[in-house]
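The values are calculated or read from the model by the stated rules, or taken from the named source; none is laboratory data. For clarity, every value in this text was computed on a predicted model and none was experimentally measured. Methodologically, a virtual Cβ is constructed for each residue, glycine included, from the backbone with ideal geometry; neighbour enumeration extends over all protein chains shown. Note: areas computed on protein heavy atoms with side chains; ligands, DNA, RNA excluded. Shrake-Rupley method; radii C 1.70, N 1.55, O 1.52, S 1.80 Å.
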Amino acid sequence: MKFFQKPGPDQADRVPPGQHLAKGFPVLTYGETPQVAPETWTLELFGCGANQTLTWEDLMALPQQDFTADFHCVTTWSKLDVSWTGVSIPDLLAQVQLDAAATHVMAHCYGDYTTNLAVSDLLRPENFLAHTLLGEPLPADHGGPVRLVVPHLYAWKSAKWLKGLEFMSEEALGFWERNGYHRRGEPWAEERYSDRG
Ligand SMILES: Nc1nc2c(c(=O)[nH]1)N[C@H]1C(S)=C(S)[C@@H](COP(=O)(O)O)O[C@H]1N2
Ligand SMILES: [Mo]
């Protein structure tokens, strides 16, 4: 069986260095897959002036958009043009009055995975919370009911089963970042591993 395809000429310039195109859409999860029903899902926005809990209904009441984005896993597979539906991060945070001190964020997940981002890397219009993948409810193994998607960074930043965004005035490291992965993870610069000794 062949797991990787050679990118065509039109796709080659969209595949970052050291990456290969995956067939299908692999699932990459550390540990068990949490089972979270939309009715019980909540998202806490907290820290540095944020103080809000969103339910599924609240999320659905926000502007809904289709997003097409490339997806790059640090284990070297990439998938181009994944189509999702959800809510952009600027729309999600429109009502949140963040302190000027809020420079970093920790994404918290059901199942206790965490990943860290700079606020400037989170607050981009191409970032979003996804609840739909290819027109179907986001499957549990891909992070349903709701995941974060941050296309410009390696996919370990795209937290599945998202349950919280914690705003912070200094950087803290998430799960993979404490275990050797790069604090930022930009695929075109191949920011795969931490340079801390
Ligand atoms: N909560 C949680 N989010 C996670 C992970 C995880 O193990 N737990 N794995 C990350 C990694 S390493 C990748 S590559 C992508 C994989 O997403 P997929 O399983 O939908 O392909 O999810 C990221 N988000
Ligand atoms: Mo990954």
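Key figures for this structure:
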read-out: Filter pass, Gly143 being buried (at least 22 other Cβ atoms within 10 Å of the Cβ) and either touching an Asp or Glu at 6+ places or on another chain (Cβ under 7 Å) or under 24 Å from Thr33 (Cα atoms) (or both); value: yes
read-out: Enumeration of residues in the stretch 97-110 that are crowded, with 16+ Cβ neighbours inside 10 Å and not polar (S, T, N, Q); value: Leu98, Ala102, His104, Val105, Met106, Ala107, His108, Cys109, Tyr110
read-out: Residue check for Cys73: farther than 23 Å from Trp41 by Cβ, open to solvent by less than 20 Å² (accessible area, probe 1.4 Å) and under 15 Å from the mean Cα position of the chain (by Cα); value: yes
read-out: Subset of the stretch 11-33 that is open to solvent by less than 60 Å² (accessible area, probe 1.4 Å) and either under 18 Å from Asp112 (Cβ atoms) or β-branched (Val, Ile, Thr) (or both) - its residue that is farthest from ligand 1 (Cβ to nearest atom); value: Val15
read-out: Inter-residue pairs, beta-carbon under 6 Å, first within 10 Å of ligand 1 (Cβ to nearest atom) and among the hydroxyl-bearing types (Ser, Thr, Tyr) and in the stretch 153-180, second open to solvent by less than 20 Å² (accessible area, probe 1.4 Å) and part of a strand (DSSP E or B), 6+ apart; value: Tyr154/His72; Ser158/Leu148; Ser158/Val149
read-out: Within the stretch 19-114, strands (runs of 3 or more DSSP E) holding 1 or more residues that are in contact (Cβ under 8 Å) with a residue 60 or more places away in the chain and out of contact with any Pro (no Cβ under 6 Å at 6 or more places or on another chain); value: 42-47, 50-55, 65-72, 77-88, 104-109
read-out: Options Val119, Val105; residue that is under 15 Å from the mean Cα position of the chain (by Cα), closer than 20 Å to Trp161 by Cβ and either more than 16 Å from ligand 2 (Cβ to nearest atom) or β-branched (Val, Ile, Thr) (or both); value: Val105
read-out: Hey, Ala159 in contact with a Leu (Cβ under 6 Å, 6 or more places away or on another chain), aliphatic (A, V, I, L, M) and part of a loop (DSSP other than H, G, I, E, B) or not; value: yes
read-out: Number of positions in the stretch 149-185 that are open to solvent by less than 40 Å² (accessible area, probe 1.4 Å), of a type in the set (A, V, I, L, M) and more than 13 Å from the chain's Cα centre (by Cα); value: 2
read-out: Any chance Trp188 is at pLDDT 95 or above and surrounded by 22 or more Cβ atoms within 10 Å (Cβ to Cβ); value: no
